Amino acid sequence: MMRRTDKLKGFALSVLLTLALLLTWQYLTLPFETHVGSSSAQNAEYEMLMGHTPATQQASHNFPSPRQFAVDAWQELKSPFHNTNANNRGIGWQLGASLYRVLIGYGLAVIVAVPLGLLLGQLPILRAGLNPFIQILRPISPLAWMPIALYTIKDAEECGIFVIFICSIWPILLNTSFGVSRLRKEWLDVARTLELSWARRLWLIILPAAAPTIVTGMRVGLGIAWLAIVAAEMLVGSSGIGYFVWNQWNNLSLSNVILAVLLIGVTGMILDTAFAALQRSVSYAE
Amino acid sequence: MQNEPNKPDHLVVVDTLEKRYTKGGVPVFSDISFSIDRGEIVCMIGHSGCGKSTILNILAGLESASSGQVSINGHTIRGPGLDRGVVFQGHALMPWLTVEQNVAMAIRSRHPGMQRGDVKNMTEHYLGLVSLKEAMHKRPSELSGGMRQRVGIARAFSTTPELLLMDEPFGALDALTRGVIQDELLNICAQTHQTVFMITHDIDEAILLADRLLLMSSGPNAHIAEVVQNPLPKERSRAEIHHQKGYSDLRNHIMDFLVQKLNLKEPKNN
Ligand SMILES: Nc1ncnc2c1ncn2[C@@H]1O[C@H](COP(=O)(O)OP(=O)(O)O)[C@@H](O)[C@H]1O
Ligand SMILES: [Mg+2]
């Protein structure tokens, strides 16, 4: 355990780092003229070729300063759930769409992987038989599935859900099967001498014993799902936070892109924190 | 050795057990036959690796013998069951359950459909027997080794088994703790007339607890080399036992047996 004062010091350091980050950001986004004086003639020519004349620098696609970002972000966050048309939906609405897809795809993965993992954990032969398939399927990047998914499933919405499903299922399956296979023989012996039915044995012994490992797998799986959905939506979606990022980039609204990126990070953190709490509640000391 | 399977007093009859792990190889043990009467405490003593744990696990139904059989109340056993309670060497408590929940799980298995309140009362009763009522809400990781083993004992007794099986139950405990729990165990067994089969490598423990001792020869192909009836009166207590007549003779006899068997195993120098 960390001492209380150490925690406070750590927090102070975080605040300092944030300030430093904001200052650096502010400095790098100072108006162009201040830089011109120090740059060589050659550099100025290059900037000209790139279209970065002082005149264009005033345009809106300039990288926003922290202040500009704050103003734009506030504008967006004022009505996060506005839904005027398909091209104009609020960031909250888009985030909700992504979370909904994750809920369905990831939920399906849990429903399939946990029972299958419980089975594999108890049947070494089945485990050995399926292992080559799992080992080959597991390292496939979720996006590599996209063309196959699009061809077979066609519907973009379902494709997104499929991609979540297929990438989050492996860590859950492997961890569940590992957790069950590694169960102490003594505990199963106790179950046998108490003549527990298979349902009671599952509920009273196997699940609680393997729960810490299962939840770890679920936590890893959710992390991967969150990474995958943003990428998948950038590729095919017509909604979702990943689509939002891509759409705002096409609109050259960098403030909204930054806002969305931050929101993706914060959401991922909240999801992970929830699972960390779940993990603590099922863990036990031997 | 007397072995009369039809005598009604025998609760357990073990008949020519043999165990081999490789086909045609030397068996771990063979020709193991003995019986246990109701209310009797039988201790098995022998060197490490002679197959004591295997014999106990066969009695528990957790392992199967290569040949021979075990019957309880005249019925041949076919697997583990609630008629036999096991105190495991490594306590085998569920670390995610509290002490109370560990014992309650056993009671619910024994009495399916029992009311919640009754389960609680019964749990408290059995934890009281091993003076652990105060630690009821703790988890096994918060208990000392001795307390954990006592929970294991309470759990085994709570299913009121016909036969209690214990594999070196106090092997991992310090001498003082061991003594206290031995006294407790002796008390509970006397109250409940519990039939016990236990394994130990502690001679004093065997003499204190056992009515009869089975001395195993060293493996491979171990046998029951000798059966010793404990000459001391049934009401034994740890405080007085070593002053009682016959105690030293018995102790020396077993000690000689164990040392002699150990020497036989060592390679001879030419
Ligand atoms: N699965 C196994 N395969 C082969 N040999 C085994 C196996 N399990 C136990 N043994 C052997 O059986 C013998 C008896 O073991 P055990 O019953 O644990 O002895 P004890 O409890 O008297 O120390 C040991 O010599 C051990 O090597
Ligand atoms: Mg042993």
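The values are calculated or read from the model by the stated rules, or taken from the named source; none is laboratory data. Just so it is clear, the model here is predicted, and its values are computed rather than measured. Cβ placement follows ideal geometry from the backbone for every residue including glycine, while neighbour counts extend to all protein chains displayed. Please note that ligands, DNA and RNA were not included when accessible areas were found on the heavy atoms of the full protein model with its side chains. Shrake-Rupley method; radii C 1.70, N 1.55, O 1.52, S 1.80 Å.
Scan the stretch A:190-203 for residues that are of a type in the set (Ser, Thr, Tyr) and within 9 Å of chain B (Cβ to nearest Cβ) and the total you get is 1. Looking across the stretch B:84-122, just one residue is on the phi > 0 side of the Ramachandran plot and among the aliphatic types (A, V, I, L, M), and that is B:Ala92. Do we have any residue at all in the stretch B:173-193 that's at pLDDT 90 or above, touching a helix residue (DSSP H, G or I) at 6+ places or on another chain (Cβ under 7 Å), under 30 Å from B:Arg20 (Cα atoms) and more than 16 Å from ligand 1 (Cβ to nearest atom)? No, the conditions are met nowhere in the stretch B:173-193.
At least 2 residues being open to solvent by less than 20 Å² (accessible area, probe 1.4 Å) and either under 30 Å from A:Gly240 (Cα atoms) or within 14 Å of another protein chain (Cβ to nearest Cβ) (or both) is the threshold, and among the helices (runs of 4 or more DSSP H) wholly inside the stretch A:119-189 those reaching it are A:146-153, A:156-181.
For the stretch B:215-240, the set of residues classified as modelled with pLDDT under 85, over 30 Å from B:Tyr21 (Cα atoms) and not polar (S, T, N, Q) consists of B:Pro233, B:Lys234, B:Glu235, B:Arg236, B:Arg238, B:Ala239, B:Glu240, listed by residue number.
For beta carbons closer than 7 Å, sequence separation of 6+ or different chains, a first residue in the stretch B:163-180 that is over 28 Å from B:Gly74 (Cβ atoms) and a second that is of a type in the set (D, E, K, R) and within 16 Å of ligand 2 (Cβ to nearest atom), the qualifying pairs are B:Phe170/B:Glu205. Residues in the stretch A:233-267 that are in a helix (DSSP H, G or I), of a type outside the set (A, V, I, L, M) and within 18 Å of A:Asn62 (Cα to Cα): A:Trp246, A:Asn247, A:Gln248, A:Trp249, A:Asn250, A:Ser255, A:Asn256.
Annotation note: Cβ proximity below 6 Å between a residue of the stretch B:36-53 that is of a type in the set (A, V, I, L, M) and a residue that is within 8 Å of ligand 2 (Cβ to nearest atom) and part of a strand (DSSP E or B) (sequence gap 6+ or interchain) occurs for B:Met44/B:Ile199. Is it true that A:Thr273 is under 26 Å from A:Met218 (Cα atoms), open to solvent by 70 Å² or more (accessible area, probe 1.4 Å), of a type in the set (Val, Ile, Thr) and away from every other protein chain (no Cβ under 14 Å)? So A:Thr273 passes the test. Being part of a strand (DSSP E or B) and more than 16 Å from ligand 1 (Cβ to nearest atom) holds for only one residue in B:Ser71, B:Ser30, and it is B:Ser71. B:Gly90 meets each of the listed conditions (1) within 16 Å of ligand 1 (Cβ to nearest atom); (2) in contact with a strand residue (DSSP E or B) (Cβ under 6 Å, 6 or more places away or on another chain) apart from (2).
In a residue-by-residue description of the stretch B:90-112, the property of being at pLDDT below 95, within 16 Å of ligand 2 (Cβ to nearest atom) and not hydrophobic (A, V, I, L, M, F, W, C) applies to at least one position. Taking first residues from the stretch A:85-101 that are farther than 17 Å from A:Gln75 by Cα and in contact (Cβ under 8 Å) with a residue 40 or more places away in the chain and partners that are open to solvent by less than 50 Å² (accessible area, probe 1.4 Å) and among the hydrophobic types (A, V, I, L, M, F, W, C), the Cβ contacts under 6 Å between residues at least 6 apart in sequence or on separate chains come to A:Ser98/A:Ile229; A:Ser98/A:Ile241; A:Arg101/A:Ile161; A:Arg101/A:Ile229. Among the residues of the stretch A:142-177, those identified as of a type in the set (S, T, N, Q) and more than 17 Å from the chain's Cα centre (by Cα) are A:Thr152, A:Asn175, A:Thr176, A:Ser177. In the stretch A:219-238 there is no residue matching the filter, namely being in contact with a Lys or Arg (Cβ under 8 Å, 6 or more places away or on another chain), within 14 Å of chain B (Cβ to nearest Cβ) and not acidic (Asp, Glu). Of all the numbered requirements in (1) part of a loop (DSSP other than H, G, I, E, B); (2) out of contact with any helix residue (DSSP H, G or I) (no Cβ under 8 Å at 6 or more places or on another chain); (3) of a type outside the set (Gly, Ala, Ser), B:Lys138 misses one, and that requirement is (2). Can you tell me which residues in the stretch B:243-254 are touching a helix residue (DSSP H, G or I) at 6+ places or on another chain (Cβ under 9 Å) and farther than 20 Å from B:Gly219 by Cβ? B:Tyr247, B:Ser248, B:Leu250, B:Arg251, listed by residue number. Considering B:Val87, B:Val103, B:Val13, B:Val26, the condition of being β-branched (Val, Ile, Thr), more than 14 Å from every other protein chain (Cβ to nearest Cβ) and open to solvent by less than 40 Å² (accessible area, probe 1.4 Å) is satisfied by B:Val13 alone. Scanning the stretch B:43-75 for residues that are open to solvent by less than 20 Å² (accessible area, probe 1.4 Å), more than 14 Å from every other protein chain (Cβ to nearest Cβ) and more than 16 Å from ligand 2 (Cβ to nearest atom) gives a single hit, B:Val70. Select from the stretch A:14-52 the residues that are of a type in the set (A, V, I, L, M, F, W, C), at pLDDT 75 or above, open to solvent by less than 100 Å² (accessible area, probe 1.4 Å) and not in a loop (DSSP other than H, G, I, E, B) and list them in ascending order. Selection gives A:Val15, A:Leu19, A:Ala20, A:Leu22, A:Trp25.
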